[in-house]
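> Quick one: the structure is below, questions incoming.
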Amino acid sequence: MILSLTNLTFQYPDTEIPVFRTLNFSLDSPGFHALFGASGVGKTSFARIVAGELTGFSGQLYIKDKSIVLYSYNQERLPGWGTIRHFIDSTTPSSMIEMKKQLIDIFGLSDCINLRFSQLSLGQKNRVNLIRYLLQEFDLLIMDESLANVDERLRETIILKIKESFPDRYFLYISHNLMEITKFSDTILIFRDIEKIPQTLTLKGLDIASREMPDRDRLETTVLEVMNAC
Amino acid sequence: MLARRVLQFLIVFASGLIFLMILKYSLTLSDYVIPSPLDIWHTGKDILTVYFFDTLNTLSVAIIGQIISVFLAFSVGIGARKSTFAGSFIKAAAYNIQAYPIVAVAPIIFILLGDGFITRLIIAAMICYFPLLLSIIGIMSEPVTDIEHFYNVTSRMRWQLEVKIRAFENMHKLITVISGSTTLAMAGTIVAEFIAADRGIGHSIRIALYQSDLSRILTALFLIGIFISVYQGMLEWAGERIGNRWHVSN
Amino acid sequence: MGRRENRKQVACFKLTGTGIKMTQYLKWLFFWGMVFATITVDIPLGNAQEDINYRLKWLFNTSVAGDLYALDMGYFKKEGLSVAVKAGSPERDAIRELELGQAQFGVASADQVILARSKGSPVIVIAQLFQKNPLQWIYRAEPGTLSNLSDLKGKTIGITYGGNDETIMRALLKKGGIPEKDVTLFSVRYDYTPFYRKRVDIWPVYINSQGIILNDKLTENGEKTGFFDPSSYGVRFVANSVVTSLKTLRERPAMVQSFIKALLEGWKESLAPENKQKTLSVLKKYDRDTPTDIREKQLAITRTLIIPEGDAHLGYIDREAWRQTEQIMLEQGLIPKPVSVTDILFQDGFGPTQKKQD
């Protein structure tokens with residue numbers, strides 16, 4: 001187990017209502033997991049607490065000793081004075097050079113690698129940002145809407161590649177795409193409104209690892225379960 | 001850009017002169033109060049070369065003062081960007097020193113250092129340094145989270161990179177701040193010359209003032225305006241070139 | 001809070017595109033606005049006001065003892081005049097204010113008056129306050145320092161470029177046949193350090209103000225001082241006089257007469273030895289910074305500069321000195337041609353109102 005949260009409660013200073021209260025969650029096995037819920041229910045706050053970027057919570061947060069947790073989000077930018085290649089190359093460990101080539105190819109970025117960040121589309125920007133995180137040393141990578149503005153087919157390709165290439169790592173994927181998280185996630189932590197008890201529910205996704213179409217009934221059932229849980 | 005700036009100045013200056021002439025002839029004021037266009041022309045023609053070099057002298061001191069100020073402001077601004085105590089201490093000190101009118105402080109500097117080049121330089125630098133410093137501390141202490149986040153969480157952030165990111169992201173602000181400080185540096189040098197130096201256009205203005213010669217003062221104002229317009233225009237042009245080279249988006 | 005301040009500061013410079021242009025326009029409009037406001041402020045558009053403004057040449061000090069005395073002791077009021085005595089400065093030119101209607105009377109130096117007249121200003125001198133120019137040069141009285149004009153050779157001489165001390169010194173050098181290359185002219189400002197440090201040999205002072213202070217300081221240090229007086233070498237450059245405009249003189253001669261009567265009465269009484277304490281009290285009221293003992297010395301010297309020698313009355317206009325002043329200015333190219341100086345000087349005089357000095 002890399003991550004465990006017990007009775008986690010968090011409230012922003014100068015606000016009256018907590019973002020979430022007595023939240024429990026754990027990540028027991030590596031793989032692709034997801035956080036799902038409506039906007040503003042606390043997914044990003046939760047992610048930033050796990051990444052150590054947000055403090056002031058109560059409850060217990062356990063992260064396995066010496067584990068590296070990274071949090072990436074879709075608003076991130078690369079500096080503007082150089083090309084994408086320059087910034088990716090300069091932050092890629094030598095052990096990941098081969099992986100870098102593969103990811104650039106599969107993520108569909110070969111054609112824009114010599115452009116500057118400001119010259120990319122929104123989807124390209126998000127993919128570039130995700131690549132540089134994937135090339136870092138980490139145990140758990142939180143991807144906060146990291147594939148926003150990327151077309152559906154390419155997103156599937158990317159998620160499958162991540163699952164294939166990093167089988168022993170943990171991923172927490174934040175997305176509003178219900179079908180996507182249902183198909184590809186192992187565990188889905190569903191965030192609900194603060195009034196609902198419990199505020200979070202944990203469901204199992206289909207955890208598909210290939211392009212094969214999942215069993216239609218199973219998919220529909222799981223999708224409905226997730227929808228109802230919200 | 002350069003030509004536009006000069007043209008803008010010429011229009012404003014000409015409007016000012018026309019206004020003065022309307023005032024002169026409508027109130028039938030003598031040439032002693034407001035000189036005639038012919039008097040301004042003749043005085044201007046006679047004194048232009050001398051005043052040109054005086055203004056050049058002033059501008060050269062102002063530029064050196066500005067360069068020193070920019071370097072100092074960047075050094076202190078970069079140094080103070082992280083430390084809450086140093087940052088707030090420097091800001092408080094800068095606000096306080098800014099509040100002193102330079103005409104009150106300048107005599108002390110003159111007593112200590114005499115009325116030569118160094119004194120003019122220090123006063124010019126003093127006048128444009130503190131506003132620059134406050135702006136640069138402001139820029140340098142403001143994180144560009146969306147860019148810096150990756151380098152921070154992957155422990156790749158170095159102070160040079162942080163400064164580069166913040167400078168790049170605020171390039172337009174920095175160019176405007178530096179360009180704006182030109183006027184301050186020039187004003188500082190002129191004030192210094194006016195108070196005590198024996199060189200520069202401020203010194204000449206003081207003599208003209210003693211001689212109640214508005215034609216000379218108008219000639220000096222004309223040259224100061226032209227020089228500042230040209231210098232600021234060049235700074236903006238250089239800033240634009242740097243921006244283009246760095247691909248700073250507008 | 002610090003960050004908010006930073007943002008505020010940065011925002012001051014957050015000007016791009018049209019913002020810069022707009023700001024430039026505003027800056028220049030503001031600049032010219034200030035220039036014009038300085039020139040035009042208080043230009044009366046209607047009838048002349050009843051209150052009378054009297055603009056002095058310099059700040060309130062012992063050199064204006066009589067002006068302040070006349071005000072404080074009610075001499076103006078006695079003549080039915082409501083006079084505001086206003087301090088002057090290099091930026092406050094009484095002659096300009098006369099022409100713009102901001103003042104009805106003022107104090108100006110002779111070179112100012114002659115220059116203004118050469119540029120068509122309708123200014124007229126109605127009384128010459130200083131019979132002797134207070135401008136002299138202080139020096140360390142070492143043997144052979146300055147006993148005649150030729151001793152100026154090789155000296156470092158302090159002058160205020162553009163000031164009338166420059167004109168006077170150039171006249172002295174010409175009179176002594178000393179080319180400018182034989183002396184070193186040093187630009188003088190407020191700070192006396194170059195003189196204290198002996199970088200400058202002779203330093204221009206008003207003998208009845210800074211002259212006393214410098215003299216006291218050097219004496220305290222055991223140094224002997226002397227004053228180099230241009231009039232001793234025949235250079236009689238007229239100093240401060242009371243001026244008004246021709247228009248005021250023509251349209252309101254009675255008011256002018258009343259004013260000058262009250263003013264000269266004030267000067268006369270202020271300089272009378274029996275009124276010394278009263279005068280010092282009046283001065284203290286308007287000039288709090290000068291120590292009393294210094295003020296007392298200043299008053300004593302001012303007395304010698306104002307009261308004419310011989311039969312002349314207070315305010316006597318020394319036409320010969322005025323002619324010499326004009327001649328000096330002409331020779332130095334400060335005016336392009338003669339201005340017929342006697343036209344500047346009020347011919348009729350105020351005889352009945354003035355008492356001759358014994």
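Please treat every number below as a calculation from the coordinates, not as lab data. Computed from a prediction, not measured in an experiment: that's the story for all the values here. A quick note on method: Cβ atoms are made from the backbone with ideal geometry, for glycine too, and the neighbour counts reach across all protein chains shown.
> Could you give each residue of segment C:279-284 its phi-based ³J(HN,Hα) in whole Hz, using Karplus coefficients 6.51, -1.76, 1.60 with θ = phi - 60°, and x for Gly or Pro?
Rounded to whole hertz, the list is 4, 5, 5, 4, 4, 4.
> Also, I was wondering about something else. For C:K181, list the lysines whose Cα falls under 17 Å from its own Cα; do not include residues on the same chain fewer than 8 positions away.
C:K153, C:K155
> Return the whole-Å distance between the Cα centroid of segment A:146-208 and the Cα centroid of segment B:120-148.
Cα centroid of segment A:146-208 versus Cα centroid of segment B:120-148: 46 Å apart.
> Which whole number gives the average, over all residues in A:72-83, of C-beta atoms from other chains lying within 10 Å of the residue C-beta?
Per-residue shielding by partner chains comes out at 5.
> Quick one: of C:K224/C:K284; C:K261/C:K285; A:K100/B:K82, which pairs are farther than 27 Å apart, Cα to Cα?
Result: C:K224/C:K284; A:K100/B:K82 exceed 27 Å.
> For each of B:V163, C:V238, count neighbouring Cβ atoms within 10 Å of the residue's Cβ, then give the residues from fewest to most.
Result, fewest neighbours first: B:V163, C:V238.
> Just name one of B:A93, B:C128, B:S60: the one whose Cα is farthest towards the positive end of the charge dipole of segment B:31-151 (beta-carbon charges, Lys/Arg +1, Asp/Glu -1).
Going by the charge dipole, the pick is B:A93.
> Also, I was wondering about something else. For segment B:191-250, what is the charge dipole size about the Cα centre, in debye to the nearest 20, if Lys and Arg each add +1 at the Cβ and Asp and Glu each add -1 at the Cβ? Present the calculation step by step, with values, prior to reporting the outcome.
Working: 5 positive and 5 negative charges, 20 e Å.
It works out to roughly 100 debye.
> What average count of beta carbons from other chains do you get within 10 Å of the Cβ of residues in B:26-36?
Numbers: counts 0, 6, 3, 7, 11, 5, 15, 12, 5, 1, 2.
Mean partner shielding for this stretch: 6.
> Taking amide H atoms as placed 1.01 Å from N in the peptide plane, list the residues 5 or more away in sequence, or in a different chain, whose amide H sits under 5 Å from that of C:F228.
Under 5 Å from the amide H of C:F228: C:W137, C:I138, C:Y139.
> Placing +1 at every Lys and Arg Cβ and -1 at every Asp and Glu Cβ, with all other atoms neutral, what dipole size does the protein assembly as shown have around its Cα centre, in debye to the nearest 20? Each step should come with its number before you reach the end.
On the way: 92 positive and 85 negative charges, 154 e Å.
Dipole size: approximately 740 debye.
> Sticking with this structure for a sec: I'd like the antiparallel share, as a percent to the nearest 5, of DSSP beta bridges with both residues in the protein assembly as shown.
55
> Calculated from DSSP H runs of 4 or more alone, at -39500 (n - 2.57) each and per residue, what is the 222 nm mean residue ellipticity of chain A, nearest 500?
Details: 7 runs with 73 residues, N = 230.
Value at 222 nm, helices only: -9500 deg cm²/dmol.
> Residues of B:200-213, mean number of Cβ from any other protein chain within 10 Å of their own Cβ, rounded to a whole number?
Mean shielding count: 4.
> If you find the alpha carbon centre of segment B:1-41 and of segment C:157-186, how far apart are they in angstrom?
Segment B:1-41 and segment C:157-186 have Cα centres separated by 35 Å.
> Mind ranking C:332-338, A:137-143, C:75-81 by how tightly packed they are, going by the mean number of other C-beta atoms within 10 angstrom, highest first?
Highest mean packing first, the order is A:137-143, C:75-81, C:332-338.
> Holding the Cα-Cα limit at 27 Å, pick out from A:K64/A:K204; C:K132/C:K268; B:K45/C:K132; C:K57/C:K276; B:K24/B:K45 the pairs that are longer than that.
B:K45/C:K132
> Whose amide H sits under 5 Å from the amide H of A:Y73, counting only residues 5 or more places off or on another chain, with H placed in the peptide plane?
A:D144
> Next question. Kindly put A:E180, A:E212 in sequence by how many other C-beta atoms sit within 10 Å of each C-beta, fewest to most.
Placing the least packed residue first, the sequence is A:E212, A:E180.
> Continuing with this model, one more query. So how strong a dipole does chain B carry about its Cα centre when Lys and Arg Cβ are +1 and Asp and Glu Cβ are -1, to the nearest 20 debye?
Here chain B has a charge dipole of around 620 debye.
> Which residues' amide hydrogens lie under 5 Å from the amide hydrogen of C:L314, considering only partners 5 or more residues apart or on another chain, with H built in the peptide plane?
The list, which skips near neighbours in sequence, is C:K355, C:Q357.
> Rounded to whole Hz and in sequence order, give me ³J(HN,Hα) for segment C:95-105 from the Karplus expression 6.51 cos²θ - 1.76 cosθ + 1.60, θ = phi - 60°, writing x for Gly and Pro.
5, 4, 5, 4, 5, 7, x, 7, 9, 9, 9
> Also, I was wondering about something else. How big is the Rg/Rh ratio for segment A:1-100, C-alpha atoms only, Rh by Kirkwood, two decimals? Spell out each step's value before the answer.
Details: Rg = 17.0 Å, Rh = 16.2 Å.
Ratio of gyration radius to Kirkwood radius for segment A:1-100: 1.05.
> Explain nothing, just compute: Karplus ³J(HN,Hα) = 6.51 cos²θ - 1.76 cosθ + 1.60, θ = phi - 60°, for every residue of segment B:159-168 in order, whole Hz, x for Gly and Pro.
Per-residue couplings from phi come out as 4, 5, 5, 4, 5, 5, 4, 5, 5, 4 Hz.
> While we're on this one: Can you list the aspartates and glutamates whose alpha carbon sits under 20 Å from that of C:K247, skipping same-chain ones fewer than 8 residues off?
Here the aspartates and glutamates satisfying the reach criterion relative to C:K247 are B:D31, C:D42, C:E50, C:D51, C:D93, C:E97, C:E99, C:D343, C:D348.
> Please arrange C:Y54, C:Y233 by how many other C-beta atoms lie within 10 Å of their C-beta, fewest to most.
C:Y233, C:Y54
> What shape does chain B have by the C-alpha gyration tensor, where a ≥ b ≥ c are the square roots of the eigenvalues, rounded means a/c under 1.5, and otherwise prolate means a/b greater than b/c and oblate the rest? Could the numbers behind the result be given before it?
Working: a/c = 2.91, a/b = 1.85, b/c = 1.57.
Taking the square roots of the gyration eigenvalues as a ≥ b ≥ c, chain B is prolate.
> To continue, here is another question. Using the alpha-carbon atoms, what tilt in degrees (0 to 90, nearest 10) does helix B:37-80 show relative to the longest principal axis of chain B?
20
> Is the shape of segment C:135-233 best called rounded, prolate or oblate, per the rule: a/c under 1.5 gives rounded, else a/b larger than b/c gives prolate, else oblate, with a ≥ b ≥ c the square roots of the Cα gyration tensor eigenvalues? Mind dumping the intermediate values first?
Numbers: a/c = 1.59, a/b = 1.37, b/c = 1.16.
Prolate, because a/c is 1.5 or more and a/b exceeds b/c.
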